[in-house]
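S.K.: Below is a structure I'd like to ask you about.
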């Protein structure tokens, strides 16, 4: 179980303090598919990075399975089973896809196992296994390879920051299947996705709505989804604050 207790994050902009995440407290149960959504600039990606340890919260604490991980590095959190997939995956010149999967798995996996991970994300293994993770790969290819590394690591908490960004329709359809397979029948993995996509929201167990750095709504898909479908964002879903929520945010 993941617990955030009064978590805040401030940044400096033009010499002034800007509150990005403001006093957030929430609990994410084990083995659930959670989607965090809301207006752009609401603090969603920052919150995911705080959980992963990429950013450090300026107040509050983060607890994972009873262990306070607030002061832990991203590496220490990774060892506890927390994985993060960036909106824009990193390129590694000189590193092959096979090398990257072996690093992710934390052991010298065989080529056939690495090929299984690539097949899971819809890539033909023979075309990618020895390719470098560099500029020759498209954004969609990089995205799928990064998801393959998350699968290879067998994380217990997988964080995805807008995984649909930059991928084509076929890849997006495959992405939905990947998320469903990652949990499977045993559901022994918690998945947290930052997304505006209605199709991703539609498979969520729970939806968390963030706006102005605060949690505005949290509940089941059936409770939240009817209120957050809008037309402002091209992705097809947004959240519109009521006047009362604007005042409380």
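S.K.: Tell me the angle of helix 139-153 to the major Cα principal axis of the chain, expressed in degrees between 0 and 90 and rounded to the nearest ten.
M.R.: In the chain, helix 139-153 runs at an angle near 90 degrees to the longest axis.
S.K.: Hey, can you rank 120-126, 9-15, 204-210 by average C-beta count inside 10 Å, highest first?
M.R.: 204-210, 120-126, 9-15
S.K.: Another one. Take residue 172 and residue 124, extend 7 Å from each Cα along the Cα→Cβ direction, and tell me the distance between the two endpoints in nm.
M.R.: Between residue 172 and residue 124, the simple spin-label model gives 2.5 nm.
S.K.: Let me ask another. Measure nothing but the geometry: give the 0 to 90° angle between the long axis through the Cα atoms of 111-120 and the longest principal axis through the Cα atoms of the chain, rounded to 10°.
M.R.: Approximately 40 degrees, to the nearest ten.
S.K.: What's the exposure ranking of 17, 143, 156, going from fewest to most Cβ atoms within 10 Å?
M.R.: 17, 156, 143
S.K.: At 0.36 nm per residue, minus the direct Cα-Cα distance, what do residue 220 and residue 19 gain on full extension? Give it in nm, one decimal, please.
M.R.: Residue separation times 0.36 nm, minus the Cα-Cα distance, leaves 69.6 nm.
S.K.: Per the helix-only calculation at 222 nm, which mean residue ellipticity applies to the chain, given -39500 (n - 2.57) for every DSSP H run of n ≥ 4 and division by its residues, nearest 500 deg cm²/dmol?
M.R.: Numbers: 10 runs with 86 residues, N = 249.
Estimated from H runs of four or more residues: -9500 deg cm²/dmol.
S.K.: Rank these for me by crowding, 97, 155, going from fewest to most other beta carbons within 10 Å.
M.R.: With the sparsest Cβ surroundings first, the list reads 155, 97.
S.K.: May I pose another question? Tell me the relative contact order for the chain as a rounded percent, counting alpha carbon contacts under 8 Å between residues six or more apart. Provide the component values of the computation, followed by the final result.
M.R.: On the way: 472 pairs, mean separation 62.2, N = 249.
The value is 25 percent.
S.K.: Over segment 2-248, one equal point on each Cα, no solvent: what is log10 I(q)/I(0) by the Debye formula at q = 0.07 Å⁻¹?
M.R.: Result of the Debye calculation: -0.24.
S.K.: Fewest to most neighbouring Cβ within 10 Å: what's the order for 92, 179? Display every interim value, and only then the final one.
M.R.: Working: 92 14, 179 20.
Sorted ascending by nearby Cβ count, the order is 92, 179.
S.K.: Determine, from the Cβ-Cβ distance of residue 27 and residue 107 and an R0 of 22 Å, the FRET efficiency 1/(1 + (r/R0)^6), rounded to the nearest 0.05.
M.R.: Efficiency computed from Cβ-Cβ geometry: 0.10.
Taken together, the values in this text are just the output of simple stated rules run on the coordinates, not laboratory data. Owing to the predicted nature of the structure, the values given are computational and were not obtained by experimental measurement. Note: ideal-geometry Cβ built from the backbone for every residue, glycine included; neighbour counts use all protein chains shown.
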